Amino acid sequence: AKESAVITETTTFTVDELGFIQLALNKVLIAVANGELDLNNLARKELANRGLDKQGQWVGFDKANQIHNA
């Protein structure tokens, strides 16, 4: 069985899915840990840039920007 990490009571990710965090530079991890970098905000911006809603469904760039910048 693969290891997994429980993020919330209803969300679980495999180690493979979270592997990107191991690639992050130390200074980025430190900034996140110290509240200097908001990963929630960064994720919302990236979803908007991809035209996706909060469930990862394509809604188009304009709608996604409305959703994530509300």
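Brief remarks follow.
- Peptides 16-26, 42-52 ordered by packing proxy, namely the average of other Cβ atoms within 10 Å per residue, highest first: 42-52, 16-26.
- Spherically averaged projected area in nm², based on the convex hull that wraps the Cα atoms of the chain: 6.1 nm²
Read-outs throughout are calculated quantities, based only on the coordinates presented, and are distinct from any laboratory measurement. The shown structure was predicted, so the numbers you read here are calculated from the model rather than taken from an experiment. All Cβ positions, even for glycine, are placed from backbone atoms using ideal geometry, and neighbour counts span all protein chains on display.
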